[in-house]
Amino acid sequence: MAQKIVAGNWKMNLELNEAKDLIKGIKNSQDDVRVIVFPSSVFINVVAEGKNDNVEVGTQNFHTELKGAFTGELSISQLRSAGATVGLIGHSERRAFFSEGNDLIKIKVNAAVANNFDFIFCCGEPLMIREAGKELEFIKMQLEESLFHLTKEQMMGKVIAYEPVWAIGTGMTASSDQAERMHRAIRTWIHERYDHETAQNVSILYGGSCNQDNAKELFSCPNVDGGLIGGASLKGEAFCTIIDSY
Ligand code: PGA
């Protein structure tokens, strides 16, 4: 069965002491839920040292090479040595503001797989695409161009986050029907490309204005295996309530 996951993406927020305070208050009392926080890279080390048991620390970004002359960049091996166990790939803010296209995202997927580094693969359609009724084709293309080249063995246990761009940071959460329809479609495509076993083993998270008030309803959808939370993960109590929504 797909692993249940609640992940908090802190983005470019919090200063050192705030990050230290926030992580102290994050507790995972659910044995069967994987909880991950993604602080700014500069704080991965202290957050990893200050975290409670059953909470993992991830990186919001990484470079595709392991070392070398790439001023300002951070490699998987460096991030891992600081305490990160998982990375985000393809977040819509990286796509929109840092020109990360499906080709580069595929290279990042390959770098993570080659280095045995877990990742959450993010996909999501902009408002214009949703309004044109083309969201299913759009997401299918993002998956086909950057993820579905993996073999069945590589795909088993992977994590996808569906995050409609129009819902991120806007307060306009997708309805549980909209989320379930897309998540069901994603699982069907995995089944078609791979098989039933693989489709059942991939976790599909929802992201986009998911908070302590709507998490329960979203997580109760049969194909929603958890959430990638932005704004609401910056408040310890709210984030713990989301974890406890299961
Ligand atoms: P949000 O962000 O919860 O603030 O909408 C989600 C995300 O970008 O992962």
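The values are calculated or read from the model by the stated rules, or taken from the named source; none is laboratory data. None of the values given here were measured: they were computed from a predicted structure. No Cβ is skipped: glycine too gets one built from the backbone with ideal geometry, and neighbour counts run over all protein chains shown. Areas reflect the complete protein model, heavy atoms only, side chains present, ligands, DNA and RNA absent. Shrake-Rupley method; radii C 1.70, N 1.55, O 1.52, S 1.80 Å.
Screening region 26-135 for strands (runs of 3 or more DSSP E) wholly inside it with 1 or more residues that are under 26 Å from Ser233 (Cβ atoms) and either hydroxyl-bearing (Ser, Thr, Tyr) or open to solvent by 40 Å² or more (accessible area, probe 1.4 Å) (or both) returns the ranges 33-38, 55-59, 118-123. Just one of (1) touching a residue at least 40 places away in the same chain (Cβ under 8 Å); (2) open to solvent by 60 Å² or more (accessible area, probe 1.4 Å); (3) of a type outside the set (Gly, Ala, Ser) fails for Val165. It is (2). Residues in region 178-215 that are of a type in the set (S, T, N, Q), in contact with a helix residue (DSSP H, G or I) (Cβ under 7 Å, 6 or more places away or on another chain) and either open to solvent by 40 Å² or more (accessible area, probe 1.4 Å) or closer than 13 Å to Cys123 by Cβ (or both): Asn211, Gln212.
Among the numbered conditions (1) within 16 Å of the chain's Cα centre (by Cα); (2) over 20 Å from Met141 (Cα atoms); (3) crowded, with 22+ Cβ neighbours inside 10 Å, the only one that Ala174 does not meet is (1).
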